[in-house]
Amino acid sequence: MTTGSQGPPAFEAWVSVEGRALKRAALALCGNEHEVDELVQETLVRMFVRWARVSRMDNPAGYARRTLTNLRLSRWRRLRLELSTGNPRPVERVDEIGAVAERAAAASFLSALGPKQRAAVVWRYYCDLPIGEIAVILGCSEATVRSQLSRALSTLRRVAEAHTAQEVFTQRHEDRR
């Protein structure tokens, strides 16, 4: 991309290259198809409004990832506040992430994590970003990212072990029938 006066065609070209990766990351962060579409749309709207400045950045995709993460964390905080004040929104049914059982299990495992741990895991292991870039996205130190990842992996191990134990119990119970 050139750094001259870039209008909507340059933005559309960027979205055609980066849009799918942004949506995949949002799906991993949220686990809810409806929220994914809203998050990606809001992220892209914010980028479009600031495109003249964002397009001159070294890493517009990094700006998009940070915006997406911040929007997700803000929504999570708002929901938590609504629940704590007694004004809950109707609970939406979490859509299936895909027909593949492994993806559904991965989504269920990720749902056991808090929002910052989930974001760190998604950006590190799903999107293969380096620790330094994740620290920038989350607005924290690299040590904090490593700590979040360590705690998240520990939680995921416990969830996976419990899931495996449940499968073994279910299989044994079905075999006795």
Residue selected from segment 40-49 under the condition touching a residue at least 12 places away in the same chain (Cβ under 8 Å) and surrounded by fewer than 18 Cβ atoms within 10 Å (Cβ to Cβ), by the criterion nearest to residue 112 (Cα to Cα): 42
query: In segment 112-133, what residues are in a loop (DSSP other than H, G, I, E, B) and either β-branched (Val, Ile, Thr) or out of contact with any helix residue (DSSP H, G or I) (no Cβ under 9 Å at 6 or more places or on another chain) (or both)?
result: 128
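Yes/no matrix, rows are residues, columns are (1) modelled with pLDDT under 90; (2) crowded, with 16+ Cβ neighbours inside 10 Å:
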{"position": "132", "(1), (2)": "no, no"}
{"position": "135", "(1), (2)": "no, yes"}
{"position": "141", "(1), (2)": "no, no"}
{"position": "146", "(1), (2)": "no, no"}
{"position": "150", "(1), (2)": "no, no"}
{"position": "158", "(1), (2)": "yes, no"}
{"position": "164", "(1), (2)": "yes, no"}
{"position": "170", "(1), (2)": "yes, no"}
{"position": "175", "(1), (2)": "yes, no"}
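Yes/no matrix, rows are residues, columns are (1) modelled with pLDDT of 85 or more; (2) surrounded by 19 or more Cβ atoms within 10 Å (Cβ to Cβ); (3) not assigned by TED's automatic domain parsing to the domain that holds residue 126:
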| residue | (1), (2), (3) |
| --- | --- |
| 29 | no, yes, yes |
| 34 | no, no, yes |
| 38 | yes, no, yes |
| 59 | yes, no, yes |
- prompt: Any chance segment 70-87 includes a residue that's at pLDDT 85 or above, in contact with a Phe, Trp or Tyr (Cβ under 9 Å, 6 or more places away or on another chain) and in a helix (DSSP H, G or I)?
  reply: no
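The values are calculated or read from the model by the stated rules, or taken from the named source; none is laboratory data. Fair warning: this is a prediction, and the values are worked out from it, not measured in the lab. Every residue, glycine among them, receives a Cβ derived from its backbone with ideal geometry; neighbour counts consider all protein chains shown.
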